[in-house]
């Protein structure tokens with residue numbers, strides 16, 4: 001979605017946009033958000049907390065790399081707000097991952 005937004009809108013517009021997500025963006029998603037130019041990310045559950053809910057997946061290992069570190073390495077600011085409402089976000093993820 002971030003890549004599509006980056007192609008559909010100009011950087012000035014995207015710099016004023018906020019992406020809301022139930023979980024912290026992974027390193028790859030953070031890169032896509034940064035390159036798209038989205039100016040703010042608000043997330044519910046940290047990536048580390050998601051991993052605690054889901055356990056290790058050797059077929060799809062995660063990086064323990066918070067999104068604010070990825071964004072801090074860039075040349076333009078990306079505001080990060082979160083975790084927020086982590087309890088509610090955890091319930092969503094518990095329900096989803098229990099069905100898999």
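Can you confirm whether region 91-98 contains a residue that is in contact with a strand residue (DSSP E or B) (Cβ under 8 Å, 6 or more places away or on another chain) and modelled with pLDDT under 95?
Taking region 91-98 as the starting set, the residues that turn out to be in contact with a strand residue (DSSP E or B) (Cβ under 8 Å, 6 or more places away or on another chain) are 92-93.
Subset that is modelled with pLDDT under 95: 92-93.
Yes, region 91-98 contains a residue that is in contact with a strand residue (DSSP E or B) (Cβ under 8 Å, 6 or more places away or on another chain) and modelled with pLDDT under 95.
Answer with yes or no whether residue 34 is modelled with pLDDT of 95 or more and surrounded by 17 or more Cβ atoms within 10 Å (Cβ to Cβ). Yes; evaluated as a whole, the condition is true for this residue. Screening region 29-50 for residues that are touching a strand residue (DSSP E or B) at 6+ places or on another chain (Cβ under 7 Å) and in a loop (DSSP other than H, G, I, E, B) and picking the one that is nearest to residue 4 (Cα to Cα) gives 38. Please indicate, with yes or no, whether at least one residue in region 6-23 is without any contact (Cβ under 8 Å) to a residue 40 or more places away in the chain, surrounded by fewer than 16 Cβ atoms within 10 Å (Cβ to Cβ), under 10 Å from the mean Cα position of the chain (by Cα) and in a strand (DSSP E or B). Taking every residue of region 6-23 in turn, at least one turns out to be without any contact (Cβ under 8 Å) to a residue 40 or more places away in the chain, surrounded by fewer than 16 Cβ atoms within 10 Å (Cβ to Cβ), under 10 Å from the mean Cα position of the chain (by Cα) and in a strand (DSSP E or B).
Within region 1-20, the residues that satisfy the criterion of being touching a strand residue (DSSP E or B) at 6+ places or on another chain (Cβ under 6 Å) and more than 20 Å from residue 73 (Cβ to Cβ) are 18, 20. Residue-level analysis places residue 53 outside the set of residues that are touching a helix residue (DSSP H, G or I) at 6+ places or on another chain (Cβ under 6 Å) and in a loop (DSSP other than H, G, I, E, B). Looking across region 56-97, the residues that are touching a helix residue (DSSP H, G or I) at 6+ places or on another chain (Cβ under 9 Å), loosely packed, with under 14 Cβ neighbours inside 10 Å and outside any loop (DSSP other than H, G, I, E, B) come down to 69, 79, 94, 97.
The values are calculated or read from the model by the stated rules, or taken from the named source; none is laboratory data. Being a predicted model, the structure only gives us computed values, none of them experimental. For neighbour counting, all protein chains shown are included, and Cβ atoms are generated from backbone atoms with ideal geometry for every residue, glycine included.
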